Amino acid sequence: MSDTQTTTDNAFTLIRKENGVAHLVMDVPGETMNTLKAEFGEQITEVFKEVREDDSIKAVVVTSGKKDSFVAGADINMLASCTTAEEATTISRQGQMIFDQMENFPKPLVAAINGACLGGGLELALACHARVCSDNPKTALGVPEVQLGLLPGSGGTQRLPKLVGIQKALDMMLTGKQIRAKQAKKMGLVHDVVPNSILLRTAEELALAGKVKPVKIKRSLLDKALEGNSLGRKVLFDQASKSVLAKTKGNYPSPLKIIDCVRVGVERSPAMGYQTEANHFGDLVMTAESEQLRNLFFATTEMKKEQGVADVMPAKVNKAGVLGGGLMGGGIAFVTATKAKVPVRIKDISHKGVSAALKYSFDILNKKVKRRFMQKSEMQSQMASITGALDYSGFNDADIVVEAVFEDLSLKQKMVADVEQHCSEKTIFASNTSSLPIGQIAANAERPENVIGLHYFSPVDKMPLAEIIAHEKTSDETISTTVAFAKKQGKTPIVVKDKAGFYVNRILAPYMNEAALQLLEGEPVEKLDKALVKFGFPVGPMQLLDEVGIDIGGKIGPILKAELGERFDTPSAFGKLIEDGRLGKKSNKGFYLYGTSAKKGKKQVDESIYNLLGITVNGKSSAEDIAKRCVYTMLNEAVRCLDEGIVRNARDGDIGAIFGIGFPPFLGGPFRYLDKVGAVNVVAQLNQWASQYGERFTPCEALVKMAESGKTCY
């Protein structure tokens with residue numbers, strides 16, 4: 001007897017096996033990944049009715065027809081059409097009912113997971129009686145709904161804590177982190193981890209073994225004490241809420257609602273937990289925060305499908321070179337070798353530089369090995385693809401060379417000449433400059449069409465943005481190839497026009513200057529930082545200066561002022577900081593205390609900064625005014641950039657600001673935020689400040705026109 005199959009509307013196929021197991025294969029037509037859609041509810045119900053009535057089927061293995069992907073989540077497009085919280089709540093209840101049907105199904109259901117199993121996909125797997133996953137590096141389990149301002153709305157907030165414990169479930173749901181296969185087994189999320197070649201066979205064996213028991217996991221005495229009684233759980237939930245508010249400053253509503261769902265389900269009843277989950281899900285869908293986070297998700301998804309230049313195919317990059325073994329060079333080499341899987345050759349003027357760059361990668365990979373996220377053999381293989389030299393040996397066959405040396409124009413021009421001499425005629429020269437115009441770097445080039453800017457943000461292994469800067473003579477193929485290369489490195493690239501500061505540093509500079517000027521007016525360092533963190537930035541401007549290096553700001557400021565005008569003039573008092581050796585964290589001396597002077601675990605302002613700068617601290621402004629003065633100058637500059645074509649559109653400008661400088665994601669980026677506040681209100685406020693503080697606040701012509709015509713960015 002051979003396998004027989006039944007197809008239901010193409011998304012689900014039922015394949016009956018000779019051993020009495022049926023494979024329920026999900027394969028959404030026309031999509032690269034499976035996503036759950038509302039209309040699938042009826043289809044699943046029909047399939048399960050068929051399985052229930054067929055006595056020849058003893059058990060079911062739920063699997064995917066997609067390569068390296070189980071189910072990537074629910075299709076969030078369906079939420080956009082919801083006009084009320086009730087409509088969104090109904091979607092959640094439908095999901096709960098379907099998965100409830102699966103959980104209570106009379107025949108064993110086993111999920112065979114290979115690849116991404118996220119969001120609604122993991123909720124589907126949790127509703128099965130057992131889960132087996134492959135050891136494929138692409139296998140990842142998680143509930144990332146919090147990143148969209150939502151919560152797992154199809155029973156996830158109830159089933160996950162029951163399976164892995166309250167603390168681990170909250171950690172997964174509140175961070176959106178993805179769990180690898182081995183971790184998943186250790187925490188009891190899956191029953192077994194096997195090679196993909198035997199995944200289905202293992203799932204079948206488990207399904208045929210009869211009633212599947214949950215995985216037994218070892219719980220520490222502390223875990224048992226906290227989770228096993230109401231007093232311990234109260235401490236646990238209170239601490240989780242406190243921790244969430246400390247991190248989010250109350251700007252994101254979904255984490256507290258996640259905690260509430262779990263609390264109700266555990267302390268009152270699972271039925272009330274499900275009801276709370278559906279109601280909270282409905283409310284969250286209608287929040288402005290979730291709307292903006294979903295907009296951001298759609299924008300980045302759209303961007304992934306685009307090329308640098310439409311219809312111009314990128315050339316293949318088989319080998320890369322990096323000039324400079326500093327922190328940036330080391331980071332660029334790391335993402336090239338480990339993410340892009342492209343062999344990389346580092347050149348530095350000293351053995352110390354090459355060693356430092358190699359150590360950068362070694363330290364990150366070694367940490368992964370120690371945490372058992374990676375095999376030692378895999379680490380050795382990745383390290384083997386990073387090599388170094390003090391000359392250009394090994395550079396002749398590089399397809400792209402990324403320069404990461406000091407911000408010095410003549411030095412960068414010399415690098416261009418060197419690469420043209422030692423590499424092939426087609427080698428792309430990509431400069432990681434943060435402020436120097438690419439046209440100037442390419443001024444003496446023999447092949448200017450190969451020269452482009454590729455600006456990364458520090459630390460390279462963590463920051464998601466890359467700015468791709470084409471000058472007038474950069475070829476279309478060079479643009480498309482560089483964009484494709486950055487994507488392979490795991491970056492979100494935006495193509496920007498060649499002008500001093502490009503886009504991100506150009507909109508950041510007025511924001512930072514405004515914070516510095518408010519400091520000189522008498523606002524305390526910590527008050528300035530707290531005001532901007534409360535607004536939604538990950539760190540405040542003074543801490544950011546310490547992190548980046550006060551001297552870096554000192555170098556970029558004059559370049560921007562010379563190219564773009566007086567509004568980029570940095571306060572002269574800051575020269576005193578550099579004279580005093582205050583370069584920030586790297587010199588253990590800045591706005592905050594570092595090293596032995598700092599109290600462990602507590603960030604303290606170095607009070608001597610006020611005397612040095614001649615500041616009398618008064619702290620007259622409100623936190624709201626402090627933040628608005630910094631942010632509105634950024635909005636003004638962002639509109640200038642859009643008007644000048646520095647960014648291609650408002651979408652790219654928002655992605656650049658969020659991924660490059662941490663503009664609050666829940667506000668959607670400077671252009672979405674401007675639309676929310678209204679150009680009329682921003683112009684009125686800027687004009688008031690211009691008369692009060694000076695010309696730097698004068699609204700740009702494009703912003704004034706927007707206000708007069710009632711136009712919006714989107």
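The values are calculated or read from the model by the stated rules, or taken from the named source; none is laboratory data. No experiment lies behind these values; they were computed from the predicted model shown. Reconstructed Cβ throughout: ideal geometry from the backbone, glycine too, with neighbour counts over all protein chains shown.
Suppose we filter 336, 276 for residues that are of a type in the set (Val, Ile, Thr), crowded, with 16+ Cβ neighbours inside 10 Å and in contact with a Cys (Cβ under 7 Å, 6 or more places away or on another chain); which single one remains?
Unique residue meeting the criteria: 276.
Let me spell it out: the conditions are (1) outside any helix (DSSP H, G or I); (2) closer than 30 Å to residue 483 by Cα, and residue 298 meets all of them except one. Which number is the exception?
With (1) outside any helix (DSSP H, G or I); (2) closer than 30 Å to residue 483 by Cα applied to residue 298, the lone miss is (1).
One line per residue, one yes/no per condition, for (1) more than 30 Å from residue 388 (Cα to Cα); (2) touching a Lys or Arg at 6+ places or on another chain (Cβ under 8 Å):
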| site | (1), (2) |
| --- | --- |
| 279 | yes, no |
| 297 | yes, no |
| 312 | yes, no |
| 322 | no, yes |
| 329 | no, no |
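Which ones in the range 520-560 are of a type in the set (D, E, K, R) and assigned to a helix (DSSP H, G or I)?
Answer for the range 520-560, where residues must be of a type in the set (D, E, K, R) and assigned to a helix (DSSP H, G or I): 526, 527, 529, 530, 534, 546, 547, 551, 555.
Taking the options 52, 16, name whichever one is among the basic types (Lys, Arg), surrounded by 15 or more Cβ atoms within 10 Å (Cβ to Cβ) and on the phi < 0 side of the Ramachandran plot.
Sole residue among the options that is among the basic types (Lys, Arg), surrounded by 15 or more Cβ atoms within 10 Å (Cβ to Cβ) and on the phi < 0 side of the Ramachandran plot: 16.
Answer yes or no as to whether residue 337 is farther than 19 Å from residue 468 by Cβ, in contact with a Ser or Thr (Cβ under 8 Å, 6 or more places away or on another chain) and of a type in the set (A, V, I, L, M).
So residue 337 passes the test.
How about the range 331-352: which of its residues are in contact with a strand residue (DSSP E or B) (Cβ under 8 Å, 6 or more places away or on another chain), assigned to a helix (DSSP H, G or I) and free of Cβ contacts under 8 Å to residues at least 60 places away in the same chain?
Within the range 331-352, 333, 337 meet the criteria.
Which one of these is more than 17 Å from residue 454 (Cα to Cα), aromatic (Phe, Trp, Tyr) and at pLDDT 95 or above: 334, 362?
From the options 334, 362, the qualifying one is 362.
Show me the strands (runs of 3 or more DSSP E) entirely contained within the range 21-129 in which 2 or more residues are modelled with pLDDT of 95 or more and β-branched (Val, Ile, Thr).
So the answer is 21-26, 59-64, 109-113.
Picking from 704, 617, 647, 631, which residue would you name as being among the β-branched types (Val, Ile, Thr) and in contact with a Cys (Cβ under 7 Å, 6 or more places away or on another chain)?
647
Is there a residue in the range 582-593 that is in contact with a Gly (Cβ under 7 Å, 6 or more places away or on another chain), modelled with pLDDT under 90 and of a type in the set (Lys, Arg)?
yes
Exactly one condition in (1) closer than 30 Å to residue 317 by Cβ; (2) surrounded by fewer than 24 Cβ atoms within 10 Å (Cβ to Cβ); (3) not polar (S, T, N, Q) is false for residue 527; which is it?
Going through (1) closer than 30 Å to residue 317 by Cβ; (2) surrounded by fewer than 24 Cβ atoms within 10 Å (Cβ to Cβ); (3) not polar (S, T, N, Q) one by one, residue 527 breaks only (1).
Of the residues 666, 697, which is in contact with an Asp or Glu (Cβ under 7 Å, 6 or more places away or on another chain), surrounded by 18 or more Cβ atoms within 10 Å (Cβ to Cβ) and farther than 30 Å from residue 581 by Cα?
Answer to the selection: 666.
Any chance you could count how many residues in the range 558-581 are closer than 11 Å to residue 612 by Cα and either of a type in the set (S, T, N, Q) or in contact with a strand residue (DSSP E or B) (Cβ under 8 Å, 6 or more places away or on another chain) (or both)?
Total satisfying the criteria: 1.
So which of 395, 362 is surrounded by 13 or more Cβ atoms within 10 Å (Cβ to Cβ), aromatic (Phe, Trp, Tyr) and in contact with a strand residue (DSSP E or B) (Cβ under 7 Å, 6 or more places away or on another chain)?
The unique qualifying residue is 395.
Could you check the range 276-291 and list, in sequence order, the residues that are among the hydroxyl-bearing types (Ser, Thr, Tyr) and either outside the structural domain of residue 149 (by TED's automatic domain parsing) or not in a helix (DSSP H, G or I) (or both)?
287, 290
Only one of these is in a loop (DSSP other than H, G, I, E, B), among the polar types (S, T, N, Q) and in contact with a helix residue (DSSP H, G or I) (Cβ under 8 Å, 6 or more places away or on another chain): 382, 307. Name it.
That would be 307, the only listed residue that is in a loop (DSSP other than H, G, I, E, B), among the polar types (S, T, N, Q) and in contact with a helix residue (DSSP H, G or I) (Cβ under 8 Å, 6 or more places away or on another chain).
Out of all the residues in the range 551-565, is one or more over 17 Å from residue 407 (Cα atoms) and touching a residue at least 24 places away in the same chain (Cβ under 8 Å)?
For the range 551-565, residues over 17 Å from residue 407 (Cα atoms) and touching a residue at least 24 places away in the same chain (Cβ under 8 Å): present.
Take the range 561-599 and flag every residue that is part of a loop (DSSP other than H, G, I, E, B) and not charged (D, E, K, R).
Matches in the range 561-599: 565, 570, 571, 572, 573, 581, 583, 588, 590, 591, 594, 598.
Of all residues in the range 406-458, count the ones that are of a type in the set (A, V, I, L, M), farther than 20 Å from residue 488 by Cα and buried (at least 18 other Cβ atoms within 10 Å of the Cβ).
Qualifying residue count, the range 406-458: 8.
Which residues, taken from the range 260-276, are hydrophobic (A, V, I, L, M, F, W, C), free of Cβ contacts under 8 Å to residues at least 40 places away in the same chain and under 12 Å from residue 234 (Cα atoms)?
Passing the criteria: only 264.
Could you tell me how many of the residues in the range 214-259 are touching a residue at least 12 places away in the same chain (Cβ under 8 Å), in a helix (DSSP H, G or I) and surrounded by 12 or more Cβ atoms within 10 Å (Cβ to Cβ)?
Of the residues in the range 214-259, 15 are touching a residue at least 12 places away in the same chain (Cβ under 8 Å), in a helix (DSSP H, G or I) and surrounded by 12 or more Cβ atoms within 10 Å (Cβ to Cβ).
What number of residues in the range 386-405 are farther than 20 Å from residue 359 by Cβ, in contact (Cβ under 8 Å) with a residue 60 or more places away in the chain and in a loop (DSSP other than H, G, I, E, B)?
Residues flagged as farther than 20 Å from residue 359 by Cβ, in contact (Cβ under 8 Å) with a residue 60 or more places away in the chain and in a loop (DSSP other than H, G, I, E, B) within the range 386-405 amount to 4.
Can you work out which of the residues in the range 1-13 that are surrounded by fewer than 20 Cβ atoms within 10 Å (Cβ to Cβ) and touching a helix residue (DSSP H, G or I) at 6+ places or on another chain (Cβ under 7 Å) is modelled with the highest pLDDT?
6
For (1) more than 24 Å from the chain's Cα centre (by Cα); (2) within 19 Å of residue 289 (Cβ to Cβ); (3) assigned to a helix (DSSP H, G or I), each residue gets a yes or a no:
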residue	(1), (2), (3)
629	yes, no, yes
634	no, no, yes
672	no, yes, yes
684	yes, no, yes
690	yes, no, yes
708	yes, no, yes
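Could you tell me which residue of the range 605-627 is nearest to residue 571 (Cα to Cα), considering only residues that are within 34 Å of the chain's Cα centre (by Cα) and free of Cβ contacts under 8 Å to residues at least 12 places away in the same chain?
That would be 625.
Tell me, yes or no, whether the range 132-140 has at least one residue that is within 26 Å of residue 257 (Cβ to Cβ) and modelled with pLDDT of 95 or more.
Yes, some residue in the range 132-140 is within 26 Å of residue 257 (Cβ to Cβ) and modelled with pLDDT of 95 or more.
Would the range 227-246 turn up any residue that is more than 31 Å from the chain's Cα centre (by Cα), in the same structural domain as residue 16 (by TED's automatic domain parsing) and of a type in the set (Lys, Arg)?
Yes - at least one qualifying residue is present in the range 227-246.
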